[in-house]
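The values are calculated or read from the model by the stated rules, or taken from the named source; none is laboratory data. Keep in mind that this is a model prediction, so the values were computed, not measured. Backbone-built Cβ (ideal geometry, glycine too); neighbour counts: all protein chains shown. For accessibility, only protein heavy atoms count, side chains too; no ligands or nucleic acids. Shrake-Rupley method; radii C 1.70, N 1.55, O 1.52, S 1.80 Å.
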Amino acid sequence: MMTLNHPELVDLLQKAYSAEKAASFAYQGHAASVSDQDKKSAIRQLELDEWFHRKEVLQIMNDFNIPVSGWYEFKFHIIGKIISGSCHVIGWFMPFYFAGRLESGNVCEYFRMRQFFNSLGIDTYDQVLYDMGMKEKEHEIYFLDKIKTNKFLPYYEKYFSWGSNESFNNIDLDKKYPFDNSEHYCKK
Ligand SMILES: [Fe+2]
Ligand SMILES: [Fe+2]
C-alpha cells in the first residue's frame with residue numbers, strides 16, 4: 001500500500017469526498033423546489049453525477065489508505081442540508097446562481113489534484129480527474145445557461161464575481177482542450 005506524502009492533496013481529497021455529498025443533498029432540495037419537469041430531471045441527473053464523483057474520489061483515497069474525515073463529513077452534511085432546505089424559501093434565481101458559482105469553483109479542484117499527483121510522479125488518475133473536472137464545468141454551464149438572460153445576473157456578478165463574464169476557472173467547453181493538452185487548466 002502506497003502512502004501519499006502530500007498533506008495538501010490529502011486534504012483536498014477528503015474535502016472533495018465530503019463536499020460531493022453536500023452537493024448531492026443540495027440538488028435533492030433544488031430538484032424538489034422546481035416545478036418544471038425538465039429542470040427537475042436535469043437537476044436529479046446532477047445529483048447522480050455528484051454521488052458518482054464521491055464514489056470515484058473514495059476509490060482514489062482507498063488506494064492510499066486515506067481515511068474519510070469525520071469533521072468534513074459532519075460539516076458538509078450540515079451545509080448540504082441547509083442549502084437543500086433553503087431552496088424552498090429563497091425563490092428560483094438564487095439556488096441556480098449559487099449552484100453555478102459553486103460548480104465553477106469545483107472545476108479546478110480536480111485539475112489541481114491532477115497537478116499535485118503529477119508533481120509526485122503519479123499519472124494513474126489523470127483521466128478520471130480530467131473527467132470529473134469537465135463534468136463540473138458542464139454543471140456550471142447548465143446553471144449559467146438558465147440564468148444568463150435574467151435581469152438580476154449583472155448585479156450578482158458584480159458582487160459575487162461569477163456570471164456570464166467571470167468564472168473561477170479558465171476552461172471553455174466550446175474550445176475544449178483534449179486530455180493530452182490540458183495541463184495548463186487551472187494553473188495560476
Ligand atoms: Fe462533483
Ligand atoms: Fe457538480
Quiz item: Inside the range 1-58, can you point out the residues that are surrounded by fewer than 16 Cβ atoms within 10 Å (Cβ to Cβ), among the charged types (D, E, K, R) and either in a helix (DSSP H, G or I) or under 17 Å from the mean Cα position of the chain (by Cα) (or both)?
Solution: GLU8, ASP11, ASP38, LYS40, ARG44, LYS55
Quiz item: Which residue pairs have Cβ atoms closer than 6 Å, lie 6 or more positions apart in sequence or on different chains, and pair a first residue in the range 94-105 that is more than 10 Å from ligand 2 (Cβ to nearest atom) with a second residue that is at pLDDT below 85?
Solution: PRO95/CYS87
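Tell me, please, whether a residue that is more than 16 Å from ligand 2 (Cβ to nearest atom) and either in a helix (DSSP H, G or I) or in contact (Cβ under 8 Å) with a residue 24 or more places away in the chain (or both) can be found in the range 132-146. Give the steps one after another, and end with the answer.
So the first thing to find is which residues in the range 132-146 are more than 16 Å from ligand 2 (Cβ to nearest atom), and the list is none.
No, the range 132-146 has no match at all.
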Exercise. Kindly indicate whether GLU183 is on the phi < 0 side of the Ramachandran plot and not in a loop (DSSP other than H, G, I, E, B).
Key: no
Quiz item: Would the range 104-111 turn up any residue that is within 12 Å of ligand 1 (Cβ to nearest atom) and under 15 Å from PHE64 (Cβ atoms)?
Solution: no
Quiz item: Among the residues of the range 59-94 satisfying the criterion of being of a type in the set (Val, Ile, Thr) and not in a helix (DSSP H, G or I), which is nearest to ligand 1 (Cβ to nearest atom)?
Solution: VAL68
Exercise. Please enumerate the residues belonging to the range 161-182 that are in contact (Cβ under 8 Å) with a residue 40 or more places away in the chain and either open to solvent by 60 Å² or more (accessible area, probe 1.4 Å) or farther than 19 Å from ARG101 by Cα (or both).
Key: PHE168, LYS176, PHE179, SER182
Quiz item: Is there a residue in the range 150-158 that is within 23 Å of VAL34 (Cα to Cα) and within 15 Å of ligand 2 (Cβ to nearest atom)?
Solution: no
Exercise. Looking for whichever is at pLDDT 95 or above, hydroxyl-bearing (Ser, Thr, Tyr) and open to solvent by less than 80 Å² (accessible area, probe 1.4 Å) here; the options are TYR125, TYR142. Which one fits?
Key: TYR125
